[in-house]
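Reading through the structure tokens given below for one structure.
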Amino acid sequence: MQLLVFLLKRLGWMLITVWVVFTLSFFLMRAIPGGPLNGERVLSESVRAQLEQRYNLDDPLFVQYTTHLWNTICFDFGPSYKLQDFTVNEVLAQGFPVSAALGILGMTFALLLGMTAGVVSAVCRTSIYDFSFMLLATLGIAIPSFVLASMAIVLFVFYFQFFPAAGWGELKQIVLPAMCLGAPFAGYIARLTRTGMLEILSNDYIRTAYAKGLSTRTVILRHALRGSILPVVSYLGPACAGILTGSLVLEKIFAIPGMGSHFIEAALQRDFTLGMGALLTYTVLLYVMNTLVDLSYSIIDPRVVLE
Amino acid sequence: MNQTPIPTTDEQPDKSSKRMELQRLAEVMSVAQSQQGVSLWSDGWKRLKRNRVSMLSLWTLVIIVVLAIITPALPLQSPIFQDVKQRELLSPEFKTYKLGIVDYNETLALKRQTLIEMGPLDDQRAALQAEIEGLEARHPINVYWNDPGFISQAMIKFRIFIFGDYCIPSICGTDKLGRDVLSRVCWGSRVSLACGLIATLVSLLIGVSYGAISGYFGGRIDNIMMRIIDVAYSIPFIFIVIFIMSFLSAPKVRDTLNEYGINQITVFFLMIGAIYWLTMARVVRGQVLSLKNEQFVDAAKTIGTSQWGIIFKHLVPNVMGIVIVYLTLTIPAVIRFEAFLSFLGMGVQAPDISWGMLVNEGIQVITPIRIYWWMIIFSGLALALTLFSLNFLGDGVRDALDPKLKNR
């Protein structure tokens, strides 16, 4: 029951957020002179009128707003302004799985590497492992992913020729972008895990576990880890947002046909309908992720009350 | 702090004890005066100085900033002059390069001299005058540098005065259009660092005022203001900014903005600042909530200070500690965001230069046939080094100002 109320409340706020985003971008778009039809080529009057009618640009502003809003509520983002013969829905349906695969792989990589490094650093505190892992983590956080990706391309694609430069489809092509995408988050997660782990390791129940004669491995993995991943879980929300943004550049660098590259293309080409569709999808995605993180938080720590 | 025990008395109301009392008070007073209070800042600075990594980062940053400021006065090559034929994509080299400004200036001076010596009725006077005007308009300062401001121009002249035509050779190579990479990295640092500063100041201004007002007034106003922040938090602003930037870069819009005297770069800086204030507002609100019931606020109220006076004169200075900590986190975030947008081609536009743009130019010339590594490495390193130092310094400042870590 409590869960249901929580989810309903979240849904309500999500709708408000999506509406705000929609309204904001709609009016920004319309307020700026030079609409999407003002390309390099000058259109003749009749062609322009026809196009305007096709995209409902000849109605009064408020009517346009309501039609557009209603269509959006029905999940119909309309035809793309620039990609001919494609509706926005089709483009998004093509791009989304690609971006999702990239994001999930990147996140998995970040979690695996980050948590391993964090646990090792905390257990072997002040050792050479601790120092080098934390230095690497800070490096990973500081270097923007696009710089990392460009250096990785120079090194691993052209110099050593381990990976193909770009493209999508094979496993080999996913590895490098996913790793570059996950690297900064691996750094954050490593630091968070280390801090959390150090705090937990000084607790009495860890001493008790050792006193029972449990092996170090069992103590760390069964008893300490569970308590120390709480900060990591609460970081997952912002991390998801970061992964979404990060995938914009990485998709561009590695020429991956995901939602990010479509969005960038749309923004560069002033393709309003596609941009709006992608923007709203991102908003919903972000909101769902944050809600999931809040939910999982209460599962891991039963003391947390859902609001 | 070392504490001196304060002498105690037993209270007796006769005369000698009154003198004793006075003497005791004088003693207490002198003890109090001999003790130097340690302010938050001096204590924090003392603790920061003990942190070696932070100090190293601080010095690195100081060097980077100073270099960025004096860039026009350094003997660098032109950051924008294109020489595709002879200098395209040169690998790092040590051949000297001459600007040729001194010769130009000499020719110009010679012509001017002739003009003065010429009689006022000479036939060729008009032609010569036109020629001089043409030479002045095409002066290398206008060709080699992108519309330098007053101060930059003075610095460039100073540099020509000191170094003449000498330039540091292209030790970092040249790019696709034959421009010197070292010079571009140096000039790019100016835009990137300025963005970090201006955008952070904007976010500071908005965040602190919003948070302080919300926290001080409380009640329904606070509720509404915080709800707005909640909604704003789940809006993916980065995407909206990309959206807006793409429209702002449309030629028509740019012209309209220029008519109002608004530079696109200014809009860009302001916009970045305008989206990074949310966390700051929340933090400041929390602090103000706990401070507003303190006695000094009551005291200010009793002497009739206005509400705005209380907020901005009494409350805001007291939350500066935590604001500084967040500032050190915001600056690298903002610089990174600017680089990110410029990398995507939606931030700083040519002929302005920023680090993100340079990395993007490096990416674009990557081919399997030849690796132009110098075009990525140097700009990438400059960006990474700055962000790295800022992050370390931020961690250090946070630890130094954290009262929980005191005396450890």
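What follows draws every value from the coordinates through simple rules; no lab data is involved. Since the structure is predicted, the reported quantities are computational estimates derived from the model, not experimental observations. In this analysis, Cβ positions are derived from the backbone assuming ideal geometry, glycine residues included, and neighbour counts consider all displayed protein chains.
About its Cα centre, what dipole magnitude does the stretch B:252-314 give when the only charges are +1 on Lys and Arg Cβ and -1 on Asp and Glu Cβ, stated in debye to the nearest 20?
With Lys and Arg at +1 and Asp and Glu at -1, about 140 debye.
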inquiry  = Cross-link candidates for A:Lys9: which aspartates and glutamates have Cα within less than 14 Å, leaving aside residues fewer than 8 places away along the same chain?
reply    = A:Asp294, A:Glu307, B:Asp230
message = Springs between alpha-carbon pairs under 10 angstrom, Gaussian network model over chain B: which of B:Leu135, B:Leu390, B:Leu315 fluctuates most?
response = B:Leu135
remark   = Per GNM of chain A with C-alpha springs under 10 angstrom, the most fluctuating residue out of A:Gly78, A:Gly213, A:Gly237 is A:Gly213
task = Order these peptides, A:240-248, B:156-164, by their mean beta-carbon neighbour count within 10 angstrom, highest first.
result = A:240-248, B:156-164
request  = Give me the net charge of B:Gln307's neighbourhood, meaning all other residues with Cβ under 13 Å from the Cβ of B:Gln307; Lys, Arg count +1, Asp, Glu -1.
outcome  = +3
ask   = Among the helices of chain B (complete DSSP H runs), which have Cα atoms covering no less than 30 Å along the helix axis and a Kyte-Doolittle mean of at least 1.0?
value = B:181-217, B:320-343, B:373-401
message = With +1 on the Cβ of every Lys and Arg and -1 on the Cβ of every Asp and Glu, and nothing else charged, how large is the dipole of the protein assembly as shown about its Cα centre, in debye rounded to the nearest 20?
response = 2220 debye
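Would you mind checking the pairs B:Lys85/B:Lys111; B:Lys98/B:Lys176; B:Lys46/B:Lys292 and listing those with alpha carbons more than 24 angstrom apart?
B:Lys85/B:Lys111; B:Lys46/B:Lys292
Over chain B, what is the relative contact order in whole percent, taking alpha-carbon pairs under 8 Å and six or more residues apart?
Dividing the mean separation by the residue count of chain B yields 23 percent.
Normalised by the number of residues in chain A, what is the relative contact order in percent for Cα pairs under 8 Å and 6+ residues apart?
Dividing the mean separation by the residue count of chain A yields 25 percent.
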note = Placing each pseudo-label 7 Å from Cα in the direction of the beta carbon, B:Gln82 and B:Met29 end up separated by a distance in nanometres of 7.8 nm
inquiry  = Taking 56 Å as R0, compute the FRET efficiency from the Cβ-Cβ separation of A:Leu15 and B:Ile171 and round it to 0.05.
reply    = 0.45
task = Rounded to the nearest Å, what's the spacing between the alpha carbon centres of the stretch A:87-157 and the stretch B:139-168? Just the number, please.
result = 43 Å
message = Rounded to whole Å, give me the distance from the Cα center of the stretch A:234-307 to that of the stretch B:204-223.
response = 29 Å
ask   = If you rank A:Trp168, B:Trp355, A:Trp70, B:Trp45 by fewest surrounding Cβ atoms within 10 Å, what's the result?
value = A:Trp70, B:Trp45, A:Trp168, B:Trp355
Label-point separation in nm, B:Leu135 to B:Asn263, each point 7 Å along Cα→Cβ = 3.1 nm
key: For the stretch B:39-92, convex hull volume per residue from C-alpha positions, Å³   = 132 Å³
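To the nearest 20 Debye, how big is the dipole of the stretch B:153-269 about its Cα centre, given +1 on the beta carbon of each Lys and Arg and -1 on that of each Asp and Glu?
Dipole magnitude for the stretch B:153-269 comes out near 140 debye.
Stretched out fully, how many nm does the piece from A:Thr108 to A:Ser127 gain, at 0.36 nm a residue minus the Cα gap?
Value of the extension gain: 4.2 nm.
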query = Looking at B:Gly380, B:Cys167, B:Ala212, which one has the Cα that reaches farthest to the positive end of the dipole of chain B (charges on Cβ: Lys, Arg +1; Asp, Glu -1)?
reply = B:Ala212
query = How high is the FRET efficiency from A:Glu170 to B:Asp103, r the C-beta distance, R0 41 Å, rounded to 0.05?
reply = 0.10
key: Most mobile of B:Ser192, B:Ser152, B:Ser379 in a GNM of chain B (Cα contacts under 10 Å)   = B:Ser152
